[in-house]
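Notes to accompany the following structure.
Any read-out appearing in this document is the output of simple, stated calculations on the displayed coordinates, not a laboratory observation. The structure presented is a predicted model; accordingly, all values stated were derived computationally and were not measured. Cβ: placed from backbone, ideal geometry, glycine included. Neighbour counts: every protein chain shown.
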Amino acid sequence: MNKVIDLRSALELLRNTPGQLIETDVPVDPKAELCGVYRYVGAGGTVKRPTSVNGPAMLFHNVNGHPDASVAIGVMGSRERVAKLFGCKKEELGHLVQKCTANPIMPVVTNEPAPAQEVVHLATDPDFDLFKLIPAPTNTPYDAGPYITLGMCYATHPDTGLSDVTIHRMCILSKDELSIFLLPGARHIGAMAERATELGQPLPISVSIGVDPAISVTSCFSPPTTPLGFNELSIAGALRGEPVQLTPCVSIKENAIANAEYVIEGEILPGSNNVVEDRNSHTGYALPEFPGYNGPASHECWLLKVKAVTHRRNPIMQTCIGPSEEFVNMSGIPTEASILGMIDKALPGKVLNCYAHRAGGGKYVAILQCRKTVHTDEGKQRQAALLAFSAFPELKHVILVDEDVDIFDTDDVLWAMTTRFQGDRDMVPIPGVRCHPLDPSSSPLYSSSIRDVGISCKAIFDCTVPFDMKERFTRASFMEVDYRKWIKD
């Protein structure tokens, strides 16, 4: 198996795996059409039905207006595909990534020629234009503009000198300007931009697009698993078994991912957090977000002034549909790793696995597979749910099931909820807790019990069997046979 160290080696692995990659030379418009195609082929997630779940990734080679570039979408669009890229089973992803957080390998800066800098465009060049340089798609006809959805934003804290990588949505506003949405208090680069503003200075930032899937997934970690100053590229290094290579930028004092397809270099301007995201389109929307709804355009984005764009020859733009299964995996696998890490420290051996379900976009819903071996384990399953909320604050619902339930099979989970759950005793509401502002039900307009946008009533759904009744709930057993000899061709 070829080693996955960048986007191209990832695509080559998928190319050699039946049913995992479609390549097309049919012309496609990046304005809504490209994502409209992939909606049917493999978007999944919380995308409006009909959509295909676990469909192949796609590589578009004939993108209108960008004759020398291709666009890849859905690379991480199925759990099975991510497991293939990471070299594990799909059920092991959360455990694998959690182990890597405990054994990080820090990135290194190389002075070797970087593939990401084979071609250099400076903003001072007379023909410099982001709209022409970057084949950034719009998800729908209502998007604020062309979006960079899989840009690895890398910056350094002005005080500590510690660097970090996160993913933020960025809309192309002009030939050398991007809006960048930094959810207040939620991501590290937002804290860096706020501190730079306090110091009256810009924040240098690189945006690497088209990278190793290990980088894309681990860049989605958040506190408390990765506190301010924790460089998530070190988790990616542990996943791939070698450090991520960085290269000095050509126009700013910052580093970028050396093997990226594109790098945008620029500065977040101090005090610029009042940018209107849809100032060109005036649609009122940003782009579809992970809960499955059109996200409102923000009037509190920051301004990223671009200094240069570098890229490989014949670069591959990588993009993601906001509510897709690809987002679920990128967000959900770090969620699972964070929850498993927190619970394993407090209740070792009591939670066997965790799945951040696609219905919650990898953020809102977690299913915990619990094990009770002695009578004193009763109640620990609910303690585990409370720890899950602590490990990932954006979590809204936790569903608890026994070890005989397949947490990756929604039908099996609903069976447990149907036969092992009574609403008056097994649902535990936790009202008035901060969750996530993109949930349209977490609003005072939805319920008078909600004090502010982003506050929710979190809930535990305990679908586990009481320990003293386990025999009553034993599933019907069948003879164990090697069924394959009956179904051979």
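If you project the alpha carbons of region 228-297 onto the principal axes, what extent comes out on each, in Å, largest first?
In descending order, the Cα extents are 44, 32, 27 Å.
Given region 262-420, what count of lysine pairs have C-alpha atoms under 28 Å apart, with each pair 8 or more places apart or on different chains?
Final tally of qualifying lysine pairs is 14.
Please compute P(r) over all alpha-carbon pairs of region 170-270, binned at 5 Å starting from zero, and give each bin as a whole-number percent.
With a bin width of 5 Å, the distribution comes to 2, 11, 19, 24, 24, 14, 5, 1.
Report the normalised scattering of region 1-77 as log10 I(q)/I(0) at q = 0.17, 0.21, 0.22 Å⁻¹, calculated by the Debye formula with identical scatterers on the alpha carbons.
Each listed q corresponds, in turn, to -0.67, -0.96, -1.03.
To the nearest 20 debye, what is the magnitude of the charge dipole of region 347-473 about its Cα centre, counting +1 on the Cβ of each Lys and Arg and -1 on the Cβ of each Asp and Glu?
Its charge dipole is roughly 460 debye.
Rounded to whole Å, give me the distance from the Cα center of region 315-345 to that of region 224-269.
18 Å
Would you mind checking the tilt of helix 93-102 against the longest principal axis of the Cα atoms of the chain, expressed as 0 to 90 degrees and rounded to 10?
70 degrees
For the chain, what is the percent of antiparallel DSSP beta bridges, rounded to the nearest 5?
In the chain, DSSP labels about 70 percent of beta bridges as antiparallel.
How long are the three semi-axes of the equivalent ellipsoid of the chain, in whole Å, if each is the root of 5 times an eigenvalue of the C-alpha gyration tensor, listed from largest down?
Each semi-axis is the square root of five times an eigenvalue, giving 38, 26, 22 Å.
Can you give me the long-range amide H partners of Q318? Hydrogens built in the peptide plane at 1.01 Å from N, cutoff under 5 Å, separation of 5 or more residues or another chain.
Amide H neighbours of Q318: A72, G210.
Can you tell me the equivalent ellipsoid semi-axes for region 271-314? Use √(5λ) from the Cα gyration tensor, largest first, whole Å.
24, 17, 10
Is there a quick way to get the dipole size of the chain? I mean about its Cα centre, with the Cβ of Lys and Arg at +1 and of Asp and Glu at -1; what is the value in debye to the nearest 20?
With only Lys, Arg, Asp and Glu charged at Cβ, the dipole is about 740 debye.
Please list the three semi-axes, largest first and in whole Å, of the ellipsoid equivalent to region 347-473, using sqrt of 5 times the eigenvalues of its alpha carbon gyration tensor.
Ellipsoid half-lengths, sorted descending, are 27, 14, 14 Å.
How long, wide and thick is region 422-489, going by the Cα atoms along their three principal axes, in whole angstroms, largest first?
For region 422-489, the Cα extents along the three principal axes come out at 60, 41, 15 Å.
Using the Kirkwood formula on the Cα atoms of region 251-347, what hydrodynamic radius do you get, in angstrom to one decimal?
16.9 Å
If you take the square roots of the eigenvalues of the alpha-carbon gyration tensor of region 41-96 and sort them as a ≥ b ≥ c, do you get rounded (a/c under 1.5), prolate (a/b over b/c) or oblate?
oblate
Would you list, by chain and number, the aspartates and glutamates whose Cα falls below 16 Å from the Cα of K31, excluding same-chain residues fewer than 8 positions away?
Result set, ordered by chain and number: D143, D278.
Quick check on the exposure proxy: order H168, H188 from fewest to most C-beta atoms within 10 angstrom.
H168, H188
Name the residues whose placed amide hydrogens come within less than 5 Å of the amide hydrogen of N353, ignoring near sequence neighbours (fewer than 5 apart) on the same chain.
Under 5 Å from the amide H of N353: Q369.
State, to one decimal in nm, how far the label point of T24 lies from the label point of V374, with both points 7 Å from Cα in the Cβ direction.
5.9 nm
Give, in nm to one decimal, the length gained when the segment between E471 and K132 is fully stretched (0.36 nm per residue of separation minus the Cα-Cα distance).
Separation in residues times 0.36 nm, less the Cα-Cα distance, equals 115.4 nm.
Residue by residue, what Karplus-based ³J(HN,Hα) values in Hz, rounded to whole numbers, does region 483-488 have, using 6.51, -1.76 and 1.60 with θ = phi - 60° and x for Gly and Pro?
So the Karplus estimates, Gly and Pro as x, are 5, 5, 6, 8, 10, 5 Hz.
What chymotrypsin sites (Phe, Trp or Tyr not before Pro) does region 397-489 have in DSSP loop regions with at most 13 other beta carbons within 10 Å?
Here the sparse-neighbourhood loop sites are Y446, F478.
Is region 26-141 rounded, prolate or oblate when judged by the Cα gyration tensor, a ≥ b ≥ c being the square roots of its eigenvalues, rounded requiring a/c under 1.5 and prolate requiring a/b larger than b/c?
Since a/c reaches 1.5 but b/c is at least a/b, the shape of region 26-141 is classed as oblate.
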